[in-house]
Amino acid sequence: MGGGWRGHGSIPGRTRRPPLRKRSCYDSIFIQLGDEILQLGVDRMRLCGYFVVVLIGVLVSIPVTAQRSKARKSRAAAPGQAEIERMTARFAPTQLRVDISRLSAGDRQALAKIIEAARILNDIFMKQYWSGDTALYARLQKDSSALGKARLHYFWINKGPWSPLDEFKAFVPGVPARKPEGANFYPVDMTKQQFGSWLASLTPEQQAAAKGFFTVIRWNSGNGSSAQRELTAIPYNQEYKDDLTRAAGLLKEAADLTENASLKKFLSSRADAFLSNDYYDSDIAWMDLDAPLDVTIGPYEVYNDELFNYKAAFEAFINLRDDAETKKFSVLANHLQEIENNLPIDPQYRNPKLGAAAPTVVVDEIFSSGDGDHGVATAAYNLPNDDRVVQQKGSKRVMLRNIQEAKFRTVLLPIARRTLSKHAMVDVNFESFFTHIVAHELMHGLGPHQIKVQGRDTTPREELKELYSGIEEAKADVTGLFALDYMMEHAKEMGLTRVLPSDEAAQRQLYTTYLASMFRSLRFGLTDAHGKGMAIQFNYLLDKDAFTQNPDRTFAVNVEKFKQGVRELDHDLLTIEAEGDYAGAKKLQDELGVVRPVLRSALDNLQGIPTDIEPTSGAAGCCPEIKKKAEVEVQAHPQVVMTVKPGPSLQWRPWPRQPVPERARLRHYEWAAHT
Ligand SMILES: [Zn+2]
């Protein structure tokens, strides 16, 4: 959920908002520190080997040296089977459970059509990702060797030959060493300067198209001479015409099948948008969507366009709405002004009138595709991105509860088992984890946004520049803890007792779970905003004795000191934002945004724990092993639709050799059985 705020330039006057999904908030580029050390060791050995080869080469003949050295190089460039399997094992296959038995018959039939349409978006996304992606995918599918299967599996997880967890390094030979920055949205040989001078030559209307979400940029070769070639913007409905026409047809069919009027409207207007390239009406319809089947499908996020963040990638999330959880969080959102009025900051910096909070919908994911199903699994998103729609209707936040729960089970619990004392471990639970994530998202809207520095109207983002994202992420985290503490303390007066457990145990669980989740975020390294922001929190709170290390190197929290530390840190972060205090932010980051030895040794102890999940329910029907699992589910819930036929775009994926820990229930005491 990139590191910073999203900024697209295609429509004048766009405001910038924090991105609420993918790398920026929960997930980011992962660098396992332990692996780094391992990698260093390998490099050293390679160097040594190279020296021996050179020595032999000198003794025998120079051409042999060159040859061997070249072979070594190419071997080093493409990881072998074991290495790819190690990379793949970081994504633990985790089955998503969704009970769709309460969907109406019409919705269930519509669901099958929507999933078919979503699969087509996988094809479009691969075309957007890299010009050679589709051909490479076809080639890997034909490779029946063990290495070929390993490559295919990891390719499918990432929907391309580069590993986002490893700074987009290639894991298949014969492809660019790193993902092209502009993906396939721009010509691969186009420079930023060329784009800029072309842009300057255009009318404002043409500029909007060139920078718009829904066009790709290509060379228009003119009379064929490279000196005269010009850039040109091609709309998506032209570039992906065949795929979008098929997907639109399926969405129309689905619209006819569902009885829900708002879903009908969204599906049919989105189908129209696929054909017309005008997404405005369907974005509005998406904001008005009020249906048990919660569908997001279309071109949305711009992270894959690392050149300019202009171009939207196709994706789909097909979800089942969780009404009880959704209601719970709308209750919390009703109290934001009261939280703002009590923020631990000089009262002059508080906002007396907050804008309306974005509505939050809690859902379980049934199926995802395209940009929504590559690399680290998306845990939440905030859409739409078109600020014309945002200004008119606001934006909507969708929290994928079963994805978060799967991450908690597969990644956070094992981390907690290694970092917390047995006594503390019993306080780690999913409710606390999930509630804090929602609070984090809500808190991006609180605190200083429009500020004055020396009489100038400005924003924290403009003043804190490159440090802003890290400070803002830490602020959302810490203010989230503050807000939950405040609501727990005032649960009775605020009428929250039914939705927010607030006894002493609940408070202990909040901080203990948060401590474990800090280690989870820090494993992603300090290269991105969230990692840096988390290191600041970890070191600050450690210095305040919010948690302490036991002789056996595990940690445990001190609730009172934790609360106090949170208030003080929140005060510091909010004040830095309110005053646009770049120097203060720099000092905080330089002093605390670092990995100290105590943290380093805790992180070193986390090797072998998965980084993320590979959701498997979405793959139902695609591969024999997974299908078998799906059938078991179908037997358990006869109404569950898992009868969707395998689409041409989903292919067999080898089931991993490592057994997947299956824990049906998240019991507090279960750690004992697994440590
Ligand atoms: Zn965030």
Handout entry: Cross-chain or 6+ apart pairs with Cβ under 7 Å, segment 471-482 first and farther than 14 Å from residue 342 by Cα, then more than 8 Å from the ligand (Cβ to nearest atom) and not in a helix (DSSP H, G or I)
Key = 475/447
Exercise for the section: Among the residues of segment 435-490, count how many are under 18 Å from residue 588 (Cβ atoms), of a type in the set (Lys, Arg) and more than 16 Å from the ligand (Cβ to nearest atom). Expected result: 1
Handout entry: Qualifying positions in segment 397-434 - in a strand (DSSP E or B) and either away from the ligand (no atom under 16 Å from the Cβ) or closer than 14 Å to residue 94 by Cβ (or both)
Key = 400, 420
Problem - Any hit, segment 325-333, residues being buried (at least 24 other Cβ atoms within 10 Å of the Cβ) and over 21 Å from residue 393 (Cβ atoms) - result: no
Exercise for the section: Select from segment 520-577 the residues that are under 26 Å from residue 607 (Cβ atoms) and polar (S, T, N, Q) and write down the one among them that is farthest from the ligand (Cβ to nearest atom). Expected result: 550
Problem - Selection within segment 538-559 - of a type in the set (D, E, K, R) and under 20 Å from residue 507 (Cβ atoms) - result: 544, 545
Problem - Total residues in segment 553-594, condition buried (at least 19 other Cβ atoms within 10 Å of the Cβ) and at positive phi - result: 1
Exercise for the section: For residue 644, work out the one condition from (1) modelled with pLDDT of 50 or more; (2) surrounded by fewer than 21 Cβ atoms within 10 Å (Cβ to Cβ) it doesn't fulfil. Expected result: (1)
Practice task
Inspect segment 117-140 for any residue being in a loop (DSSP other than H, G, I, E, B) and either surrounded by fewer than 20 Cβ atoms within 10 Å (Cβ to Cβ) or at pLDDT below 90 (or both) and give the result as yes or no.
Solution key: yes
Practice task
State whether one or more residues within segment 173-195 are in a strand (DSSP E or B), of a type in the set (Ser, Thr, Tyr) and either touching a Ser or Thr at 6+ places or on another chain (Cβ under 7 Å) or surrounded by 14 or more Cβ atoms within 10 Å (Cβ to Cβ) (or both).
Solution key: no
Practice task
Return the residue satisfying two criteria in turn: it lies in segment 357-396 and is charged (D, E, K, R) and modelled with pLDDT of 90 or more, and of such residues it is farthest from residue 214 (Cα to Cα).
Solution key: 364
Handout entry: Flag if residue 407 is in the same structural domain as residue 500 (by TED's automatic domain parsing), within 20 Å of the chain's Cα centre (by Cα) and farther than 30 Å from residue 345 by Cα
Key = yes
Exercise for the section: For residues that are within 13 Å of the chain's Cα centre (by Cα) and acidic (Asp, Glu), scanning just segment 361-381, find the one that is surrounded by the most Cβ atoms within 10 Å (Cβ to Cβ). Expected result: 371
Problem - Residue satisfying all of: in segment 419-465; in contact with a helix residue (DSSP H, G or I) (Cβ under 6 Å, 6 or more places away or on another chain) and hydroxyl-bearing (Ser, Thr, Tyr); farthest from residue 330 (Cα to Cα) among these - result: 419
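The values are calculated or read from the model by the stated rules, or taken from the named source; none is laboratory data. Every value quoted in this text rests on a predicted model; they were computed, and no experiment measured them. As a convention, Cβ positions derive from the backbone with ideal geometry for all residues, glycine included, and neighbour counts pool all protein chains shown.
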